[in-house]
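Just passing along the structure, written as structure tokens.
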Amino acid sequence: MNLTDPLSFRAGKLPLLISIPHAGTRLTPIVEAGLSDAAHPLSDTDWHIPRLYDFAHNMGASVVIGHYSRLVVDLNRAEDDQPLYTTATTGLFPETLFDGRPCFMPGKTPSPQERQSYLLHIWRPYHQQLQLELARLKDKFGYALLLDAHSIASVIPRLFEGQLPDLNFGTNSGASCAPSLSKQLIECCERQTTFSYILNGRFKGGYITRAYGLPQAHQHAVQLELSQLNYMSETEPYPYLPERAGHLQPLLQQLVNTMLAWGEQHYQH
């Protein structure tokens, strides 16, 4: 199987790696042929997140972006597909959309052999890139910071009640980064009144945050799940809304700067 170009990666000059696993829209022929009508719009994509975080690479952060849709294989789930939450969630190879509708037409789900190739040629290269870059950053700076960047529709009754806060920070209930880092991120949010925020609410961090957030090894990971209504239209075809995004990006830039300043302060020699 030819599953070329599963990701893009740009190395930076700062001790920060931004991971964007769910912005991809590429499909394999078998997945595309089997998708249900409900799944065709790829509604569960983290639309436009690379564009929203463009400023971070310009600042000097490293950025890795997955190219394939999470309907092919979910880069933010464990290789053994252990569930992340006891409540409703989606797996390594999603069978349902966030709203509970099936991803595939009856009998059109990719075979186990097909999915094993997705794991080998899409999932593993992404995680190898994460591991390589985090190791490089630690070797160069003595520590590494990882921001796992996500977005989601603001209202999904199957996953959470009511409307989601605008910014949802996940640190695996405090295990994936030093408490002082998450404290400073929340304090950054407290200095503004436009956007709502929560720490370890419905989204506590997916597999990437949990696997690579190792504060005892000087590796600190934070997941940030953004409510999509603040930068795009939540109705198909999900266009980017530059004016709305322009209000959100300064806060995102402040949060990135907060992470970097924390790292410098925490690890100053």
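When ranked by the protection proxy of mean other Cβ atoms within 10 Å per residue, highest first, what sequence do the peptides 199-209, 49-59 form?
199-209, 49-59
Using only DSSP helix segments of four residues or longer, with each worth -39500 (n - 2.57), what per-residue ellipticity at 222 nm results for the chain after dividing by its residue count and rounding to 500?
Calculated mean residue ellipticity at 222 nm is -9500 deg cm²/dmol.
Moving on to the next point. Mind jotting down the three principal axis lengths of segment 118-251 based on Cα atoms? Whole angstrom, largest first.
41, 39, 29
Skipping prolines and chain starts, which residues have an amide H placed within reach, meaning under 5 Å, of the one on Leu7, given they are 5 or more residues away or on another chain?
HN-HN under 5 Å from Leu7: His67.
Here is a follow-up. What number does segment 224-269 give for Rg over Rh if you use C-alpha atoms and the Kirkwood radius?
My calculation of the ratio gives 1.21.
Taking the chain as a Gaussian network, where each spring joins two C-alpha atoms under 10 Å apart, which residue of Glu187, Glu114, Glu161 fluctuates the most?
Glu161
Considering only protein heavy atoms and a 1.4 Å probe, what is the carbon-and-sulfur percentage of the accessible area of segment 90-181?
Answer for segment 90-181: carbon and sulfur cover 56 percent of the accessible area.
If you wrap a convex hull around the C-alpha atoms of the chain and split its volume per residue, what is the figure in Å³?
121 Å³
State, as an integer percentage, the relative contact order of segment 111-257 based on alpha-carbon contacts under 8 Å between residues 6 or more apart.
Taking the mean separation of contacting Cα pairs over the length of segment 111-257, I get 27 percent.
Short version: ³J(HN,Hα) in whole Hz for each residue of segment 145-157, in order, from phi by Karplus 6.51 cos²θ - 1.76 cosθ + 1.60 (θ = phi - 60°), x for Gly and Pro, what are they?
10, 10, 10, 8, 9, 9, 8, 7, 4, 6, 9, 9, x
Follow-up question, since we're still on this one. May I ask you to derive the relative contact order of segment 1-143, considering only C-alpha pairs under 8 Å and at least 6 residues apart, and to give it as an integer percent?
Relative contact order for segment 1-143 comes out at 34 percent.
Here's a follow-up. When ligands, DNA and RNA are left out and all protein chains stay put, how many square angstrom of accessible area per residue does the chain have with a 1.4 Å probe?
Heavy-atom accessible area per residue stands at 43 Å².
Excluding same-chain residues fewer than 8 positions from Lys183, which lysines have a Cα within less than 20 Å of its Cα?
Qualifying lysines at Cα under 20 Å: Lys204.
Next question. Skipping prolines and chain starts, which residues have an amide H placed within reach, meaning under 5 Å, of the one on Met232, given they are 5 or more residues away or on another chain?
So Met232 has HN proximity to Leu241.
Could I ask something else about it? Name the most mobile residue of Ala149, Ala217, Ala61, meaning the one with the largest mean-square fluctuation, in a Gaussian network model of the chain with Cα contacts below 10 Å.
It is Ala217.
When the chain is modelled as a GNM with alpha-carbon springs shorter than 10 Å, which of Ala144, Ala221, Ala135 fluctuates the most?
Highest fluctuation among the options: Ala135.
On to the next question. Relative contact order for the chain: what is it in percent, counting Cα pairs under 8 Å that are at least 6 residues apart?
Reported as a whole number, the value is 21 percent.
State the Kirkwood hydrodynamic radius of segment 74-146 in Å, one decimal place, computed from all pairs of distinct Cα atoms.
Hydrodynamic radius (Kirkwood, Cα pairs) of segment 74-146 is 14.5 Å.
Give a residue-ordered list of calculated ³J(HN,Hα) values for segment 164-172 (Karplus: 6.51 cos²θ - 1.76 cosθ + 1.60, θ = phi - 60°; whole Hz; x for Gly, Pro).
3J(HN,Hα) across segment 164-172, in whole Hz: 5, x, 5, 10, 10, 8, x, 10, 6.
Just to check I understand the Karplus step: with θ = phi - 60° and J = 6.51 cos²θ - 1.76 cosθ + 1.60, what whole-Hz values come out for segment 198-209, glycine and proline as x?
Each residue's phi maps through the Karplus curve to give 7, 10, 6, x, 5, 10, 9, x, x, 4, 4, 4 Hz.
The values are calculated or read from the model by the stated rules, or taken from the named source; none is laboratory data. Note that the coordinates shown come from a computational prediction; the quantities given were computed from them, not determined experimentally. Methodologically, a virtual Cβ is constructed for each residue, glycine included, from the backbone with ideal geometry; neighbour enumeration extends over all protein chains shown. Calculation scope for accessible area: heavy atoms of the full protein, side chains included, ligands and nucleic acids excluded. Shrake-Rupley method; radii C 1.70, N 1.55, O 1.52, S 1.80 Å.
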